[in-house]
Amino acid sequence: MRLLLVNPNTSRETTDAMVRIAEAAAPEGVTVEGATAPWGVGLITNEAQLATAATAVLDLLRGRATLPDAVIMAAFGDPALEEARALLSCPVTGIAEAGMAEAAAGGRPFAVATTTPDLAAAITATAHRYGHGSLFRGVHLTPGDPAVLMADRERLEEALADACRAAIGAGAEAVVIGGGPLAMAARAIAPLLPVPIIEPVPASVRLALERASSGHAAP
């Protein structure tokens, strides 16, 4: 089975990191290919950039000669998710969709920890759109400029862990790390915290494979 992980930002380094994490989450016999948005920004931090990324992703998908068995949209805003589903015949899964579904399993209250304050309203709307409003305990943010923080791995991990602790204090029994480029940091801080830390890339691999195997494109 072949998965295509689409990075809606222009950073090939981020694409490669997410592909490695997806490969580690996939069972034997599954291959993961990465694709990077052909234009846009290297780090999506606001809703205008998210909209630009959606257009870039659709251009990328229209240009592909062959389709995989499933596609993962690997930015936390799930840009162009519905449009991609209308365009492609294979299942398309968003990392926010998958991460939130896994966090909310069994009626568990959850929150999102992330670095992008200008996307907090969009993340909240996404939680409600996917039907998790009653379980959602908010978006908990790291301080400062996201790009500066992302450039310092140790500071990023420390700040994200603090945001997760704030989420736990707000009643979350699981915390989703909100962002594809945060995948490595999510993995690093998970053992440090007392509740499940949901890594959205592995969650999306699990959901994408389930959909591809069952023949169901989406709920």
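Readers should treat all values here as calculations from the given coordinates under stated rules, not as data from a laboratory. All figures in this text were calculated on a predicted structure; none of them were measured in a lab. Virtual Cβ from ideal backbone geometry, glycine too; neighbours counted across all protein chains shown.
Data for the structure
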item	result
From phi via Karplus (6.51, -1.76, 1.60), per-residue ³J(HN,Hα) for the range 165-180 in Hz, x at Gly/Pro	5, 5, 4, 4, x, 8, x, 6, 9, 7, 10, 8, 7, x, x, x
15 Å beta-carbon shell around Gly107, net charge (K/R +1, D/E -1)	0
Fully extended contour minus Cα-Cα distance, from Glu82 to Asp162, at 0.36 nm per residue	25.5 nm
Over the range 77-156: Kirkwood hydrodynamic radius from C-alpha pairwise inverse distances, Å	14.0 Å
Rg [Å, one decimal], Dmax [Å, integer] - the chain, C-alpha atoms	15.9, 48
R0 of 25 Å, Cβ-Cβ distance Leu67-Glu47: FRET efficiency to nearest 0.05	0.30
Table column - 3J(HN,Hα) (Hz), the range 43-57, Karplus curve with 6.51, -1.76, 1.60, x for Gly and Pro	8, 7, 10, 8, 6, 5, 5, 5, 5, 4, 4, 4, 5, 5, 5
Projected-area mean, the range 7-56, by convex hull of Cα positions, square nanometres	3.6 nm²
Vicinal HN-Hα couplings computed from phi for the range 102-118 (Karplus, 6.51 cos²θ - 1.76 cosθ + 1.60; Hz; Gly/Pro x)	5, 5, 8, 4, x, x, 7, x, 9, 9, 10, 10, 7, 10, 10, x, 6
